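The values are calculated or read from the model by the stated rules, or taken from the named source; none is laboratory data. Because the structure is predicted, anything quoted here is derived from the model rather than measured. Don't worry about glycine lacking a Cβ; one is built from the backbone with ideal geometry, like all the others, and counts go over all protein chains shown. Each accessible area value is taken on the protein alone, full model and side chains, heavy atoms only, with ligands, DNA and RNA left out. Shrake-Rupley method; radii C 1.70, N 1.55, O 1.52, S 1.80 Å.
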Amino acid sequence: DSLLIFAAAFGGVMIHGQISYVFPSTALILCFASATYTRLTDLSDNLQHFFEVALIGVAAFAVNALLQYVSNQLKKQELEVVSLSTLERMRAVAENSRLELEEQYNRFNVLLFSTSEGVLGLDTAGTVIFANPMACELLDIDHEYLISRDIQDFMQKSDEATEVPRVLEMMGIEARSSYEPERWRTHQGIPFIVEYKCEETVSSDGDCTGAVILFKNVTALREQEEQLQYLATHDPLTDLPNRAHFNDILQNALTRAERSDRTTAILVIDLDHFAVINDQVGQKSGDEILKEVAKRLSRSVRPGDLVARLGGDQFTVMLIDLDLAENAALVADKVIRDISEPLNMPGGPNSISTSVGIAVKGEGTSQAD
């Protein structure tokens, strides 16, 4: 019995601290009960073994309490070790996250500060809350003055009604004026052609928090494109349309002439002996003569007619919507008279002459003189 009670007390500690008090408590009660009964009945011999069992129960209770205390302390140390290990892992994860965020932030800063495009951050009212150095340079304004400015302050106003700029329409901001769709202006009021992209920024709930604009000044690029396009269709010396451009316009004019009762006439103009004159006065003076001829031809015709340089000393005039074919001859005579007027060029000839050929399309006729 003694071994059974001791095993129950020790097993209570091993199984679970709370149920281990049941058996020692029972033994303690029996101990007091046996002591009281022995004192009252004087049956010490018969109950001696029962009293011993009770004492063993008391000893088991004490052992149980000691084991209980040791077990709790071990559990606390184990929890502390686990907690420290967990905290160390959490600290390591947080440190790695911080380093990654710093690395991403540094890359982001390098990108913002080295990009050739301006970057603006806007709030929901269209106010600038962020700007990189290139944005300040393109808008010609210091960073401290750019922040808190309205984006509409840099949009070029227009006298005509135009579409609402994309960034304002995207964010639902009311435009204070009409703006030119592809033009902004600097802080000094100098307009420039802008090319930009805008993206809306949203919160985790999907609500709009503002926008980010990437923009650049493409004025020089557009001017270069326009210049290349102009040179592809115009003569660089006289600024007149060239042969290719003239042929394109001629095809459209002939098509219109076939569909109407109007007449289209083509004058082909050659300067007489220009090669000899060019050799005598030099190429520079020869170019000046060609430019002067181009000006006189443009003054000799109506605003709607076309004057072009075919190449060398050869020019052409397209007379559109003539009432009569004979009117082409009248224009040819005027061209000859205007070109033969004195040139007043130092070191050059006093005047030059020209020959004119005429081709007429319309009124069912096609003739050349």
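Could you tell me which of the residues VAL335, VAL317 is part of a helix (DSSP H, G or I), open to solvent by less than 30 Å² (accessible area, probe 1.4 Å) and modelled with pLDDT of 90 or more?
On inspection, the qualifying residue turns out to be VAL335.
Determine whether LEU343 is at pLDDT 85 or above, closer than 21 Å to ASN242 by Cα and either touching a Phe, Trp or Tyr at 6+ places or on another chain (Cβ under 8 Å) or open to solvent by less than 20 Å² (accessible area, probe 1.4 Å) (or both).
no
Exactly one of (1) assigned to a loop (DSSP other than H, G, I, E, B); (2) closer than 30 Å to GLU137 by Cα is unmet by ASP261. Its number?
ASP261 satisfies all of (1) assigned to a loop (DSSP other than H, G, I, E, B); (2) closer than 30 Å to GLU137 by Cα except (2).
Is there any pair with a first residue in region 350-362 that is touching a residue at least 12 places away in the same chain (Cβ under 8 Å) and open to solvent by 40 Å² or more (accessible area, probe 1.4 Å) and a second that is assigned to a strand (DSSP E or B) and of a type in the set (S, T, N, Q) whose Cβ atoms are under 8 Å apart and which are 6 or more apart or on different chains, and what are they?
ALA359/SER366; ALA359/GLN367; LYS361/THR263; LYS361/THR264
Table: residues versus (1) modelled with pLDDT under 90; (2) closer than 18 Å to ALA359 by Cβ.
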site	(1), (2)
ASP239	no, no
HIS245	no, no
VAL268	no, yes
ILE277	yes, no
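I'm trying to understand the selection: among the residues of region 264-291, which are open to solvent by 30 Å² or more (accessible area, probe 1.4 Å) and in a helix (DSSP H, G or I)?
Selection gives ALA275, VAL276, ASN278, ASP279, GLN280, VAL281, GLN283, LYS284, SER285, ASP287, GLU288, LYS291.
Which members of region 210-235 meet the condition of being touching a residue at least 12 places away in the same chain (Cβ under 8 Å), outside any helix (DSSP H, G or I) and either more than 28 Å from MET170 (Cα to Cα) or open to solvent by 40 Å² or more (accessible area, probe 1.4 Å) (or both)?
If the condition is that a residue be touching a residue at least 12 places away in the same chain (Cβ under 8 Å), outside any helix (DSSP H, G or I) and either more than 28 Å from MET170 (Cα to Cα) or open to solvent by 40 Å² or more (accessible area, probe 1.4 Å) (or both), then VAL212, LEU214, LYS216, ASN217, ASP235 are the ones that fit.
Restricting to region 154-167, count the residues that are open to solvent by less than 70 Å² (accessible area, probe 1.4 Å), more than 19 Å from THR219 (Cα to Cα) and of a type outside the set (A, V, I, L, M, F, W, C).
1
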